[in-house]
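Structure record follows, encoded as structure tokens.
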Amino acid sequence: MTLLEIFPSLRSGMPSPRVDTTVWPCETHYDDLGRITVGGVALADLADQYGTPAYVLDETEVRRRCRAYRKHFPNAEIVYAAKALLTKSVAGWVSEEGLSVDVCSGGELAVALAAGVDPRRLVLHGSGKPFAELEAAVAAGVGRIVIDSLTEITLLSALVSGKQQVLLRLSPGIDVHGHPAVKTGVTDQKFGFPLGSAAAAEAIERVLRQPNLELVGLHCHLGSQIYDPDHYGEAVRRLVAEMARVRADYGPVLTQLDLGGGHAVAYRSGDAEMNLYELADLIEDALDAACALNRFPRPRIALEPGRAIVAHAGVTLYRVMTVKHIEGGRTFVIVDGGMNDNPRVALYGAHYDAVVANRHPTGPHMTATVAGRYCEAGDILAADIRLPADLRPGEILAIPCTGAYHHSLASTYNGVGRPPLISVHQGRSHELIRRETPTDLLSRDLG
Ligand SMILES: Cc1ncc(COP(=O)(O)O)c(C=O)c1O
């Protein structure tokens, strides 16, 4: 029992601990009972109402991030990368904030269309787009398709009856030194065509020969969690030079330059993140210089942030199942979720922090590792973090910065259904996606 539980009156005299809003949603506070609230709702109440694990998403924070991009890049098109997190509501919020949407499958396309996103504001991506998905995209009238292979040019030219705008994805040979699984700007990887290669030249020639395809620009995506804006400056220089070469060799003046996404966010206090002021300045300067050098008219820049729009808006709630002190080893806090709802630790070696959400952590601390419930030794959520030494089963742990690539990467390993996604906004909660149940799992098992 803590001192606060014995003498609750002490609470009013205590300064509220501050949450780090570079990691948590801006509207995160401690309430009078010492509980964490996001968007005006106590996380412990959400855990009681919707069960755990549960993803919580702060609508205000998503909208705030969209507005930050629009403010910093007033002349650019901001295209939300839906792979980070897509539901009908999320698609609706980002569209209302003036963003376009990048989809990379027939499933994402269907959700965006169901949300009422204007198809002309959709960009279709994918390194191996199935024919049926290209067909669905063309039928829906998606604005642009990003061509990733020669095969796709053949398929598209057979499919399109009117005129389809396309971008060509190039890998500009820029190494952002990230995790190997997310390095996409280097040439030896599966996406697009290496800049300056024979394959890239052949792709450009083939697209330009198709009367029903209109090549409007170039695209690149350098990787993930990039915090050094210089990489984008270099991409601008290389791709504007390529646009000038296309004009010189073939005639058309390309008008769009899509620099992809990959802007870093802080997962834990002190982590580096992309500074949007610096990125905007750097892109502008690089564009001025490259266009002057190549005597090329300024193309319209597009940016495709996914993580940077939704990561900080998300918090995942878990209930503590047990606390295990291993003799001569670590202390494990086992929770009721894990690698199914957050595979990023196992996939990329990502690091997270967890905090107790149902009370003020006032007493002594312990170092513990938060582990999941699944049958894998690597099912870890947060290693060697500080937690209250008196943490008990039944308490609620919250892991911030889980809005991106958590819900969208979740699995049903061990036959456990995926968590619900709950939005919070101005003191209210709303279930955007319900919890997956054993009945859902059985509905796909046809026997
Ligand atoms: C083509 C493309 N654009 C944008 C993104 C979004 O990246 P991030 O969420 O890191 O901003 C990705 C992520 O893989 C991508 O492949």
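The values are calculated or read from the model by the stated rules, or taken from the named source; none is laboratory data. Since the structure is predicted, the reported quantities are computational estimates derived from the model, not experimental observations. Neighbour counts are summed over all protein chains in view; Cβ atoms, including those assigned to glycine, are modelled from backbone coordinates with ideal geometry.
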The one condition Ile385 fails out of (1) within 19 Å of Arg268 (Cβ to Cβ); (2) at pLDDT 95 or above; (3) outside any strand (DSSP E or B) is (3)
For segment 121-146, which residues satisfy the criterion of being under 23 Å from Arg70 (Cα atoms) and assigned to a helix (DSSP H, G or I)? Arg121
Within segment 10-120, which strands (runs of 3 or more DSSP E) (wholly inside it) include 3 or more residues that are in contact with a strand residue (DSSP E or B) (Cβ under 7 Å, 6 or more places away or on another chain) and either more than 16 Å from the ligand (Cβ to nearest atom) or among the polar types (S, T, N, Q) (or both)? 28-30, 36-38, 54-58
How many residues does segment 394-447 hold that are on the phi > 0 side of the Ramachandran plot and exposed (fewer than 13 other Cβ atoms within 10 Å of the Cβ)? 5
If Val142 meets every condition in (1) modelled with pLDDT of 95 or more; (2) out of contact with any helix residue (DSSP H, G or I) (no Cβ under 8 Å at 6 or more places or on another chain) apart from one, which number is that one? (2)
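Give me the helices (runs of 4 or more DSSP H) completely within segment 224-329, filtered to those with at least 1 residues that are more than 16 Å from the ligand (Cβ to nearest atom), ordered by residue number. Full working, then the answer.
On the way: elements: 230-250, 276-294, 307-310.
By residue number, 230-250, 276-294.
Looking at Leu446, Leu391, Leu442, can you tell me which residue is in a loop (DSSP other than H, G, I, E, B) and either free of Cβ contacts under 8 Å to residues at least 12 places away in the same chain or hydroxyl-bearing (Ser, Thr, Tyr) (or both)?
Working: Leu391 fails: either free of Cβ contacts under 8 Å to residues at least 12 places away in the same chain or hydroxyl-bearing (Ser, Thr, Tyr) (or both); Leu442 fails: in a loop (DSSP other than H, G, I, E, B).
Checking each option against the conditions leaves just Leu446.
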Does segment 223-235 contain at least one residue that is under 26 Å from Tyr277 (Cβ atoms), hydrophobic (A, V, I, L, M, F, W, C) and crowded, with 18+ Cβ neighbours inside 10 Å? yes
Please verify whether segment 39-46 includes one or more residues that are in contact with a helix residue (DSSP H, G or I) (Cβ under 8 Å, 6 or more places away or on another chain), among the hydrophobic types (A, V, I, L, M, F, W, C), modelled with pLDDT of 95 or more and surrounded by 19 or more Cβ atoms within 10 Å (Cβ to Cβ). no
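Suppose we filter Ile153, Ile204, Ile174 for residues that are surrounded by 18 or more Cβ atoms within 10 Å (Cβ to Cβ), away from the ligand (no atom under 14 Å from the Cβ) and at pLDDT below 95; which single one remains?
Details: Ile153 fails: at pLDDT below 95; Ile204 fails: at pLDDT below 95.
Among Ile153, Ile204, Ile174, only Ile174 is surrounded by 18 or more Cβ atoms within 10 Å (Cβ to Cβ), away from the ligand (no atom under 14 Å from the Cβ) and at pLDDT below 95.
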Between a first residue in segment 403-419 that is away from the ligand (no atom under 16 Å from the Cβ) and a second residue that is aromatic (Phe, Trp, Tyr), which pairs have beta carbons less than 6 Å apart while being 6 or more apart in sequence or on different chains? Tyr413/Tyr374; Asn414/Tyr374; Pro419/Tyr55
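Scan segment 156-169 residue by residue and report those that are assigned to a strand (DSSP E or B) and either more than 16 Å from the ligand (Cβ to nearest atom) or aromatic (Phe, Trp, Tyr) (or both).
Going through segment 156-169, the residues assigned to a strand (DSSP E or B) turn out to be 164-169.
Residues satisfying the conditions are Gln164, Gln165.
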Residue identified as surrounded by fewer than 16 Cβ atoms within 10 Å (Cβ to Cβ), at pLDDT 95 or above and closer than 30 Å to Val355 by Cα among Ala272, Ala289: Ala272
Checking the structure you have, find out if any residue of segment 85-101 is in contact with a helix residue (DSSP H, G or I) (Cβ under 9 Å, 6 or more places away or on another chain), surrounded by 20 or more Cβ atoms within 10 Å (Cβ to Cβ) and charged (D, E, K, R). no
